[in-house]
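The values are calculated or read from the model by the stated rules, or taken from the named source; none is laboratory data. None of these values were measured; they are calculated from a predicted model. A quick note on method: Cβ atoms are made from the backbone with ideal geometry, for glycine too, and the neighbour counts reach across all protein chains shown. In case anyone asks, the SASA skips ligands and DNA or RNA and just uses the protein heavy atoms, side chains included. Shrake-Rupley method; radii C 1.70, N 1.55, O 1.52, S 1.80 Å.
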Amino acid sequence: MNEEAFGEVWVSSNYETVFCTNDEKEQYLRFLSSRREIPRGMSIVLINKKLNKLYTKDEILNATPEQLKGMIK
């Protein structure tokens, strides 16, 4: 099974929220914009970051915030 690898992600400033594709990020932002209030713990600011190498979606989504920081250039 050949999983897609990603070289960049969109992350929140605390590295708790991470998305691998622009479509996922846009869907999340549309969800937030439909809310009257931003739910606690959800970030509306996502920053595009380059990764130091290619990672699979599972590696990215299963990483802790500290591990994710180490994966970013």
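How high is the FRET efficiency between residue 13 and residue 62 when r is their beta carbon distance and R₀ equals 25 Å, given to the nearest 0.05?
Values: r = 20 Å, r/R0 = 0.81.
Efficiency, rounded to the nearest 0.05: 0.75.
When you restrict to C-alpha pairs under 8 Å that are six or more residues apart and normalise by the size of the chain, the relative contact order lands at 44 percent. A simple count of charges around residue 7, restricted to other residues whose Cβ falls under 13 Å of its Cβ and scoring Lys, Arg +1 and Asp, Glu -1, yields +2. Ligands, DNA and RNA are left out, and with a 1.4 angstrom probe the accessible area of the chain is 72 Å² per residue.
Show 72, 44, 38 ordered by accessible area, largest first, where the area counts protein heavy atoms only and the probe is 1.4 Å. Working shown, then result.
Working: 72 20, 44 105, 38 75 Å².
If we order 72, 44, 38 from most to least accessible, we get 44, 38, 72.
Please give the calculated 222 nm ellipticity per residue for the chain, where each DSSP H segment of at least 4 residues contributes -39500 (n - 2.57) and the sum is spread over every residue; nearest 500 deg cm²/dmol? Please list the in-between numbers first.
Numbers: 3 runs with 25 residues, N = 73.
Mean residue ellipticity at 222 nm (helix-derived): -9500 deg cm²/dmol.
Taking all protein chains as present, what is the carbon and sulfur share of the accessible area of segment 8-51, in % to the nearest whole number, probe 1.4 Å? Each step should come with its number before you reach the end.
Values: 1420 of 3050 Å².
Roughly 46 percent of what the probe reaches on segment 8-51 is carbon or sulfur.
Rank these residues by their accessible area, most exposed first, probe 1.4 Å: 18, 11, 45. All intermediate terms of the calculation are to be shown ahead of the outcome.
Working: 18 25, 11 0, 45 90 Å².
So the residues, ranked largest to smallest area, are 45, 18, 11.
Charge tally around residue 57: other residues with Cβ under 9 Å, Lys/Arg +1 each, Asp/Glu -1 each, net -4.
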